[in-house]
Amino acid sequence: MARIELKTEKQIGWMREAGLVVAEIHKALREAAVPGVTLLELDAVSAHVIESHGAKSNFLGYGGFPATVCISVNDTVVHGIPDETQLKAGDLVSFDCGAYIVREGREWHGDAAFTMIVGGDDAGSDRARRLNSVTEESMWAALAAVATGKRISDIGGAVERVVEKRRDGNWEAGIIEEYTGHGIGTAMHQEPEVLNYRARGIWPKIKPGMVLAVEPMLTDGDIETFVEDDEWTVRTTDGSLASHWEHTIARTKNGVWVLTAPDGGAAGLAPYGITPQP
Ligand code: MG
Ligand code: MG
């Protein structure tokens, strides 16, 4: 396994700057994602926010990806390419995007995703609401595990515990296994890999200076997926819905700091008794 990049406090400060740009993109997308808007129009919203903050897109051109944001509707899990598709009330849609800034000659990256029901929660189906709330909860539990856990594998364990807690006789979320979280810093994707499920073996210890993108992806059916002919769009094979939530989080000297959350993660981590520590 490649070396894990540990960041200084100053470098984490730069990543916070990038993270706040990502938070601004999310805010703008949340407001703009109304029935009738096209996915291309939403990509333009994202591009505008990035540019107006003097940042750069780390999605545009990544492996040839043609947009600044992945927009994944209903049974699309991740990596949806913005096109002329119009959003409809009740669609369950995820937005995954990022930005980087350059400081002292190097790039400092942020990466985050959220999923929403177009037209508001009341416009969605029970299954969409349930899946989305369990996925968001699993992300916050996983972020809390960055504060309380000893090893990287504790993060996926936290996702799995939420899925187990929220299942009942008729329903259980599925955890996508083929796509994972990751280290992040001077590049968007770095070591270590951050699985979203319990893993055996000796995984790296969580240490101050580590910055991770924690991003559970859940379905309300089977976890099998396929990639469309465009070589990006990942969809569930059985057509079940998918939800995806992600934040970039730093393990600091004193605790954790959610770099892509405007409040540093204060609200989301409060149920776990954790106060962000920049
Ligand atoms: Mg992402
Ligand atoms: Mg990511």
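The values are calculated or read from the model by the stated rules, or taken from the named source; none is laboratory data. These numbers were taken from a predicted model, which means no experiment stands behind them. Cβ sites come from the backbone with ideal geometry, for glycine too, and all protein chains shown count toward neighbours. All accessible areas refer to the heavy atoms of the entire protein, side chains included, with ligands and DNA or RNA removed. Shrake-Rupley method; radii C 1.70, N 1.55, O 1.52, S 1.80 Å.
How far is the Cα center of the range 44-70 from the Cα center of the range 214-278, in Å? That distance is 19 Å. Compared with the rule-of-thumb size 2.2 N^0.38 Å for a compact globular protein, the range 228-278 has a Cα radius of gyration ratio of 1.68. By the combined test of axial Cα extent (at least 15 Å) and Kyte-Doolittle hydropathy (mean at least 0.5), the qualifying DSSP H helices of the chain come to 39-52. For GluC sites (Glu not before Pro), the sites in the range 209-243 that DSSP calls loop and that have at most 13 other Cβ atoms within 10 Å are 228, 231. Look at the dipole of the chain built from charges on Cβ: of 65, 4, 40, the Cα furthest out on the positive end belongs to 4. Leaving ligands, DNA and RNA out of it, report the carbon-plus-sulfur percent of the accessible area of the chain at a 1.4 Å probe. Carbon and sulfur together cover 49 percent of it.
In the chain, one over the average inverse separation of all distinct C-alpha pairs is 18.5 Å, which is the Kirkwood hydrodynamic radius.
Annotation: amide H of residue 225 within the under-5 Å range of 237, sequence separation 5 or more or interchain, hydrogens built in the peptide plane. Volume per residue of the convex hull around the Cα atoms, evaluated for the range 129-264, comes out as 126 Å³. Here the 3J(HN,Hα) profile of the range 266-278, calculated from phi with Karplus coefficients 6.51, -1.76 and 1.60 at θ = phi - 60°, is 4, 5, x, 8, 4, x, 9, x, 10, 10, x, 10, x Hz, Gly and Pro shown as x.
Per residue, the range 69-134 exposes 37 Å² of accessible surface when a 1.4 Å probe is rolled over the protein heavy atoms with every protein chain present. Lys-Lys pairs in the chain that are eight or more residues apart or on separate chains and whose Cα atoms lie under 12 Å of each other come to 5. Computed about its Cα centre, the charge dipole of the range 1-160 is approximately 600 debye, with only Lys, Arg, Asp and Glu carrying charge at their Cβ.
With contacts taken as Cα pairs under 8 Å and at least 6 residues apart, the chain reaches a relative contact order of 22 percent. Restricting the trypsin sites (Lys or Arg not before Pro) of the range 193-278 to loop positions (DSSP other than H, G, I, E, B) with no more than 16 neighbouring Cβ atoms within 10 Å leaves 198, 200, 253.
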